[in-house]
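Here's the structure, in structure tokens; my notes come after.
Here, each number is a calculation from the coordinates, and none is a lab measurement. Bear in mind that the values here come from a model prediction, so they are computed numbers and not experimental data. Here the Cβ positions follow ideal geometry from the backbone for every residue, glycine too, while neighbour counts run over all protein chains shown.
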């Protein structure tokens, strides 16, 4: 890759940002397609997010991705947001069109594309999802259009009314039933997992060594699919437990790849070379 005075800058605003492989994905794709773009990772949190967003215009960046903890906070600093982003109240991609910053959400579509790659189709099925952060709401917002029957959502006991309002709004625009429950109620959690075909962890706890939310192995059964949207480590404690109990497991690498592919297309109007990038990612985590 050659950097010159005409190179177009893109990047990631996240905290922490050091673990991200997004620069590897995008820079290899730019190079493969011979596009004069570059992708850098920036440490950005709520304390410097406003200034960072302004820098997109100042530096004439083409756009950025956003990860925790910026996906909701960033909305107030944007000029407009897409319909999907409005529904999810979450933005993971900003596109700079001649100084107009538009927020988009590619997380949900990326997640379900990753399931399709694994030959998993969830129409008319039930899912349980842990967490109500930006990625979780994005997945839920897309799930209602994927034909899912019931979505059982579990969250910690804070910001309850705010999150319930968002979920009720999503449910009101679709035929999908969405239930919000407390993550502290293990009995309800166990019952809803038993009713579900897919369990998704969309909290950050998977980045820690232990996973205390689900300690009872009876939560898991062989026909349950367990997904953790975290990709580093590639096999979280939750996935290790689920795999040992015979569940099919899916980490966040596929979601990362496909949400990134959608962002890439928004910035460049080009399709990312998926097979080429997939091989790079898999080799990276060997």
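Both radii come from the Cα set of segment 108-251: Rg as radius of gyration, Rh as Kirkwood radius; their ratio Rg/Rh reads 0.93. Relative to the first principal axis of the alpha-carbon coordinates of the chain, what is the inclination of helix 253-268, with its axis defined by its Cα atoms, in degrees from 0 to 90 and to the nearest 10? Roughly 30 degrees between the two axes. Measure nothing but the geometry: give the 0 to 90° angle between the long axis through the Cα atoms of 134-143 and the longest principal axis through the Cα atoms of the chain, rounded to 10°. The angle comes out at about 70 degrees. Across segment 35-136, the volume of the C-alpha convex hull divided among the residues equals 134 Å³ per residue.
Say R0 is 35 Å: what FRET efficiency, to the nearest 0.05, do residue 174 and residue 46 get from their beta-carbon distance?
With R0 = 35 Å, the Cβ-Cβ based efficiency is 0.70.
Taking the longest Cα principal axis of the chain as reference, the axis of helix 49-58 is set at about 30 degrees. As a calculated quantity, the FRET efficiency between residue 182 and residue 68 at R0 = 22 Å, using C-beta atoms, amounts to about 0.55.
How high is the FRET efficiency from residue 36 to residue 232, r the C-beta distance, R0 35 Å, rounded to 0.05?
0.75
Backbone N atoms of segment 98-132 closer than 15 Å to the 7 Å Cα→Cβ label point of residue 150 belong to residues 124-129.
Label the chain by shape, choosing from rounded, prolate and oblate, from the square roots a ≥ b ≥ c of the eigenvalues of the Cα gyration tensor; if a/c is under 1.5 it is rounded, and otherwise prolate applies when a/b is larger than b/c, oblate when it is not. Prolate is the answer for the chain, as a/c is 1.5 or above and a/b outweighs b/c. Take the Cα of residue 243, step 7 Å toward its Cβ, do the same at residue 197, and the gap between the two points is 2.4 nm. Residue ranges 13-25, 218-230, 264-276, 104-116 sort as 104-116, 218-230, 13-25, 264-276 when ordered by packing (mean number of other C-beta atoms within 10 Å per residue, highest first).
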